[in-house]
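Take a look at the structure set out below.
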Amino acid sequence: MNFKYIVGSIISAPLLPLMYFQGKKIRQTVPELPEAQGIEGFVSKRKGPTFKLLTIGESTMAGVGATTHEEAFSGTLAKELATKLNVNIHWKVYAKSGYTLKRVTHKILPQIEETDADLIVIGMGANNAFKLSSPAKWTKDVAELIKSLRAQFPKTPLAFINMPPIKDFPAFTPTIKFVIGNLVNLLGGALEKEIKNHESVFFNSEKLAFDDWTERFGYEKDYSLFFSDGIHPTVLTYQMWAKNFSNFLVNEVPFKQSLEKVT
């Protein structure tokens, strides 16, 4: 991974000045969207105890592009899991747009009030790629995040969502898609390798393919359906993404212990 990063850095170095001016233009033209409102909610499915879900991360988890978290990733994921697992779910979001992994670890994790949880979902990757983090630094920060979460939630399953599909972002130029998109792929590979060193940590390495989604669900191949500002997801994307991820969780995460606790 680091060898590919070095080679990629050498190839990309001449492109950095161009990317700087392109990025500056994008920031001037892309509207600054607020984070979603309503950071916690409850899904009722039955009488009895409640499954506790926490989501943490950057702008995806912060619901940028949606009005409320209930209709964005976290709320949709809670509804899907509540149905699939037949449990009540209390969900809460701890996220901030623009944060890297390190900032999430040092700024957001100390704010978590809960002392126990049945599942923690993590959405990261874009901002580290924008900062041109190396796979080595990214891996180190992933390990630090997991260690910090384990100190507070020693047995809670941790699940990382898919890496952001930067190569599909309509607002980005071909140059930025090439450089940042390839770096995101490297970081995803490094994440997949790192989690093997930790128990009860999962990562959906499946790449998001919007062309497949349009065919599968009968949508037109119009990327404005999927990106609210050319970068962040629309409500439709959040909901499709969350439904897809819920299937991954149900198939890959052994929820038996948590379900026994809430039944």
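So here's what we get for this one:
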read-out: Extension gain, residue 111 back to residue 200 (0.36 nm per residue minus Cα-Cα distance, nm); value: 29.7 nm
read-out: Entries in 96/155; 45/155; 167/196; 96/167; 137/221 that, when Cα-Cα distance is taken, lie over 29 Å; value: 137/221
read-out: GNM result for the chain, Cα springs below 10 Å: residue of 62, 209, 72 fluctuating most strongly; value: 209
read-out: Likely footprinting exposure, 237, 175, fewest C-beta neighbours within 10 Å first; value: 175, 237
read-out: Segment residue 175-residue 243, extension gain: residue separation times 0.36 nm, minus the distance between their alpha carbons; value: 21.3 nm
read-out: Order of 44, 205, 59, 74 under a 10 Å beta carbon neighbour criterion, fewest first; value: 44, 205, 59, 74
read-out: Cα gyration tensor category, rounded, prolate or oblate, for region 109-263 with a/c compared to 1.5; value: oblate
read-out: Mean Cα-pair separation over length for the chain, i.e. relative contact order, pairs under 8 Å, 6 or more apart, %; value: 23
read-out: Local electrostatic count, residue 224, Cβ distance below 15 Å [Lys/Arg +1, Asp/Glu -1]; value: -4
read-out: Distance violations [Cα-Cα > 29 Å] among 52/207; 47/102; 84/207; 102/177; value: 47/102
read-out: Segment residue 132-residue 148, extension gain: residue separation times 0.36 nm, minus the distance between their alpha carbons; value: 3.4 nm
read-out: Angle in degrees between helix 16-29 and the longest Cα principal axis of the chain, rounded to the nearest 10; value: 60
read-out: C-alpha long axis of helix 174-194 to longest principal axis of the chain, angle in °; value: 40
read-out: Neighbour-count ranking [beta-carbon atoms within 10 angstrom, fewest first] of 155, 137, 177; value: 155, 177, 137
read-out: Rounded Å value of the spacing that divides the Cα centres of region 97-128 and region 130-189; value: 13
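Just so you know, all these numbers are worked out from the coordinates, no wet-lab data involved. The structure presented is a predicted model; accordingly, all values stated were derived computationally and were not measured. Ideal geometry is used to build each Cβ from the backbone, glycine not excepted, and the neighbour counts take in all protein chains shown.
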